[in-house]
Amino acid sequence: MHYVFSKYTEGLRSSAVRDILKLTQGRSIISFAGGLPAEDFFPLEAVQEAFERVFRQGKGALQYGLTEGYTPLREAICRRMAAKAIEVRPDHMLITTGSQQAIDLLTRVFLSPGDTVLVENPTYLAALQIFQASGVQVVGVEADGDGMLPDDLLAKLERHAAKLVYVTPTFANPTGKVWSRERRLALLEACKPRNVLILEDDPYGDIRFDPEGDYPPIFSLDRHPDDCGVVYTSTFSKTVVPALRTGWVIGDSRVIQMMTRAKQAADLHSSTLDQQALHQLLTHFDLDAHIRIIRAEYERRMQRMKALLSEARFADLRWREPAGGMFFWVELPEAIDATALLQHAVQQGVAFVPGRDFYAEQPRANTLRLNFTHTPPELVGVGMDRLAAALEAYAQEAIG
Ligand code: PMP
């Protein structure tokens, strides 16, 4: 059989990194690679109890459900959103199979091949994969520590007649960066009058270490849920568990209706069982107290990795302390290629993600992402020793 795959698959690039990381499976590798939450803090009993409550209610949760999502869950999420100054009704909201699906559905209904989306450079790898597979032109906007630079944003909005700007303004993946309020407003003020939609991806907003931080969702700054320039998506993957694959997307009801049609075509609806369990969990479990616990623990883990990165042996590396989220973004000396370094790292028994694939354009090979949430604190030191050994082996090879 000769398989001729669709044009869509031409944009689905396989990555060298995935191949290297496959080598880590089944070996005792300390992985700073995945964007994984800490299993030790999964609320196992609460999730179990939530499912038991659902099953005790009978067979309803085993039936097909609404494409829009389980209404009591949508109502509960609306109440949670109100606490972030996002005032929306359930008809502004669609439950998705993770926020990943929200990015995919919005791409399907809003972007055609040849359209341009502007992104931070670097940005979330799996969003780039969606855009690229859809034949969309992806253009990176220059940024500093506070977010996209307004001048470059304006120039690129005009030059490319962009339709969408995709951003993760609060503790980005991979950079850990958080945008200032001014830059959030500047983005909104640049996009809305030009009829350019903003996709605000916010999986990490609750994982913040600075309770005083002024990080309003861009959606909350728009204040026009019925003529809305922002589509906002978030998820329970980082605050409850990723396995429930439950996220949500909110926006103007015209956009949500179109995305609902696309979702119907994609998977009819997200798991009824998982949605009902989440609703039970939100009703009977103090999720905010749980979020406070994981914030404190993740901050502790971040501080531990920061202390190690600050040691003299890593003096050549450049990084910023993240104010939340799950990642350190590290710049190596210019001459070091992080993908080649990963080969050495895997030999030494440690893994990370080289930065190259996070770039929409002009990739910087001397960058890498370290996850600080997943590895138990007692193993982080061993992992960082191995990273130092990998840097040493790389230097030896370069000399030899
Ligand atoms: N957006 C970003 C920036 C992410 O880092 C992730 C998870 N890696 C997602 C979206 C998707 O998360 P999920 O589908 O689990 O909600």
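The values are calculated or read from the model by the stated rules, or taken from the named source; none is laboratory data. These numbers come from a predicted model, not from an experiment. Neighbour counts run over all protein chains shown; Cβ positions are idealised from the backbone, glycine included. What goes into the accessible areas is simple: the full protein's heavy atoms, side chains included, and nothing from ligands, DNA or RNA. Shrake-Rupley method; radii C 1.70, N 1.55, O 1.52, S 1.80 Å.
Can you find a residue in segment 251-259 that is small (G, A, S) and over 22 Å from F328 (Cα atoms)? Yes, segment 251-259 has at least one match. Just checking, how many residues over segment 303-331 are under 29 Å from G11 (Cα atoms) and more than 16 Å from the ligand (Cβ to nearest atom)? So the answer is 2.
Of all the residues in segment 211-222, those that are modelled with pLDDT of 90 or more and either part of a loop (DSSP other than H, G, I, E, B) or in contact with a Ser or Thr (Cβ under 6 Å, 6 or more places away or on another chain) (or both) number 3.
Among all residues of segment 275-292, there is at least one that is modelled with pLDDT of 95 or more, among the β-branched types (V, I, T) and open to solvent by less than 20 Å² (accessible area, probe 1.4 Å). Residues in segment 217-238 that are away from the ligand (no atom under 14 Å from the Cβ) and among the polar types (S, T, N, Q): S220 alone.
Scanning segment 323-342 for residues that are open to solvent by less than 10 Å² (accessible area, probe 1.4 Å) and either within 15 Å of the chain's Cα centre (by Cα) or not assigned by TED's automatic domain parsing to the domain that holds R301 (or both) returns G324, G325, M326, F327, F328. Considered as a group, the residues in segment 179-216 that are open to solvent by 30 Å² or more (accessible area, probe 1.4 Å) and within 16 Å of the ligand (Cβ to nearest atom) include one that is nearest to W329 (Cα to Cα), and that residue is R208. Residues in segment 52-84 that are among the aliphatic types (A, V, I, L, M) and in contact with a Leu (Cβ under 9 Å, 6 or more places away or on another chain): V54, A61, L62, L73, A76, I77.
Restricting segment 82-118 to residues that are aliphatic (A, V, I, L, M) and out of contact with any helix residue (DSSP H, G or I) (no Cβ under 7 Å at 6 or more places or on another chain) leaves a set whose member that is nearest to the ligand (Cβ to nearest atom) is A102.
Residue pairs whose Cβ atoms lie under 6 Å apart, sitting 6 or more positions apart in sequence or on different chains, and linking a residue in segment 232-260 that is more than 18 Å from R89 (Cα to Cα) to a partner that is open to solvent by 20 Å² or more (accessible area, probe 1.4 Å) and acidic (D, E), are T239/D206; L244/D274; T246/D274.
Considering only residues that are of a type outside the set (A, V, I, L, M, F, W, C) and out of contact with any helix residue (DSSP H, G or I) (no Cβ under 7 Å at 6 or more places or on another chain), look in segment 65-81 and name the one that is nearest to N371 (Cα to Cα). The extreme case among them is R80.
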